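Each reported figure results from applying straightforward, stated rules to the coordinates on display, with no laboratory input. Being a predicted model, the structure only gives us computed values, none of them experimental. Positions of Cβ are generated from backbone atoms using ideal geometry, with glycine treated the same way; all protein chains shown enter the neighbour counts.
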Amino acid sequence: MREEARCNAWALWSFVFALVVFTSASTGIAKTPRTLAPPIRPAPTGIKQVGRQDDSSNVKPASDLVLLPENERKAGALAHFVQGMAFEENGEMDQALDAYRKVLNVDPGQSDLAARVAALLIQQEDFPKAIDILKDAIKANPNDAEPYRQLAFIYAKYLKKTDQAVDYANRAIALNPRDIEAYQRLVEIEFAAGEEKKALDVLDRAAKIRSNDASFWTRLGKLYAAILFKPDSLPKPDELKRVNEIFKKAAEHANDDPTALKDVADYYASSQQLKEAIPLYLRVLELQPDDANAREKLATGFILTNQRGKAVEMLEQIIKEHPEKYQPYDLLAQVLDDEARSLQRANRLDEAKAKFAKVAANYEQSLLINPNHAGTYLRVAELLLGPLKDPDRAVKMLAEARRRF
């Protein structure tokens with residue numbers, strides 16, 4: 001996700017860079033004031049009329065089309081930048097780097113481009129040149145945090161110099177305290193060095209920042225959860241409360257942002273706080289009624305909170321809108337199976353058998369869409385051998401499973 005966001009940001013910045021340079025170059029062209037053309041009168045007698053000049057033979061450009069030296073350099077930088085993008089798209093990285101460096105020679109303070117060039121140099125394991133590019137960007141634009149973040153990454157991951165990496169990450173945070181990327185970089189450095197407490201201290205610093213950006217809080221909450229929640233045990237109550245506070249701030253600032261609301265809902269669902277997750281999924285569906293993923297998660301939440309009627313209704317709606325997906329059929333079969341067994345325990349056998357038939361039908365539909373789940377064949381065969389009393393179909397189902405697996 002982060003890589004995709006970075007690629008989108010790079011494409012957007014590329015357009016902005018081109019626009020800025022082009023505009024700067026264009027506005028630098030000397031302009032003559034616009035006046036109304038005087039009326040054309042016949043030449044006085046005795047004055048020789050001069051014929052029209054053929055500009056095609058005049059190699060010297062008109063004065064109002066000449067670029068000033070500074071803007072000529074910027075126009076050249078734009079040409080090199082476009083050329084570099086073309087080279088990079090074609091996989092010609094050496095030529096792309098050469099073109100990009102020519103841009104940075106004109107304006108080394110283009111920190112986004114400097115970071116891109118540094119990333120390409122890192123791929124070639126040319127760390128000294130990458131560091132030089134980033135340090136030149138800092139000299140030209142000392143208030144930009146991006147080169148510091150990139151330097152922190154290089155010193156930590158490739159040069160294994162933790163102290164310098166921590167210093168650069170802290171400088172990035174000092175320049176932009178609301179930049180969650182810088183905090184994440186510092187947390188990763190400390191955690192990789194085995195300094196879990198220092199990593200949590202960094203997150204506590206970030207938690208004191210005033211930010212109205214919901215994504216700041218969702219990303220901060222995910223970082224807290226990644227450190228505090230262990231995969232082999234349930235979170236402690238105080239740890240859960242600590243992370244909940246962060247996600248509450250995210251929900252408060254999410255407004256009508258479905259992505260942020262869904263991130264918060266996913267956190268509550270994954271930490272088994274389903275009562276908090278369900279209202280958020282409902283809100284996401286109000287904003288994005290076609291979000292099938294949110295519908296499935298909401299249905300799962302209904303199942304786990306024993307709200308089977310709502311789960312069935314939700315899953316049937318998903319199947320109606322997306323009949324090509326196998327997961328809703330599996331989920332619906334599970335819910336109906338629970339209902340059928342409840343009827344069986346109540347000795348309502350005819351109703352139970354009818355419900356079990358629906359369970360088998362949904363599992364079979366799931367297998368038609370995705371026949372590569374061995375467990376589903378076994379579930380259908382169990383139903384056919386047990387409550388549905390159809391051993392011949394059960395044998396065929398198991399034979400098909402054996403053929404496939």
Under the Debye formula (equal points on every Cα, no solvent term), log10 I(q)/I(0) of segment 324-405 at q = 0.11, 0.23, 0.26 Å⁻¹
-0.27, -1.05, -1.23
Using mean Cβ contacts within 10 Å as the protection proxy, how do 289-297, 217-225, 106-114 order, highest first?
217-225, 106-114, 289-297
Starting with the highest mean, order 298-304, 383-389, 97-103 by the number of other Cβ atoms within 10 Å, averaged over the residues of each peptide.
298-304, 97-103, 383-389
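Any chance you could run the full-extension gain for K236 through D94? It's 0.36 nm times the residue separation minus the Cα-Cα distance, nm to one decimal. Please report the intermediate quantities before stating the final value.
Working: separation 142, 0.36 × 142 = 51.12 nm, distance 5.20 nm.
Taking K236 through D94 to full extension adds about 45.9 nm, to one decimal.
Show me 160-172, 341-353 ranked by packing, highest mean number of other Cβ atoms within 10 Å first. Mind dumping the intermediate values first?
Details: 160-172: 18.5, 341-353: 13.1.
In decreasing order of mean packing, 160-172, 341-353 become 160-172, 341-353.
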Shape call for segment 139-192, from the Cα gyration tensor axes a ≥ b ≥ c (a/c under 1.5 means rounded, otherwise prolate when a/b beats b/c, else oblate), comes out oblate
Let me see the P(r) profile for segment 255-296: every Cα-Cα distance counted, bins of 5 Å, each bin given as a percent of all pairs.
6, 30, 36, 22, 7, 0
Report the rotationally averaged projected area of segment 248-362 based on its alpha-carbon convex hull, in square nanometres.
7.4
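Any of K157/K208; K355/K389; K160/K248; K275/K310; K208/K248 with alpha carbons more than 25 Å apart? Name them for me. Intermediate results must be reported in sequence, preceding the final value.
Details: K157/K208 28 Å; K355/K389 14 Å; K160/K248 37 Å; K275/K310 14 Å; K208/K248 14 Å.
Beyond 25 Å: K157/K208; K160/K248.
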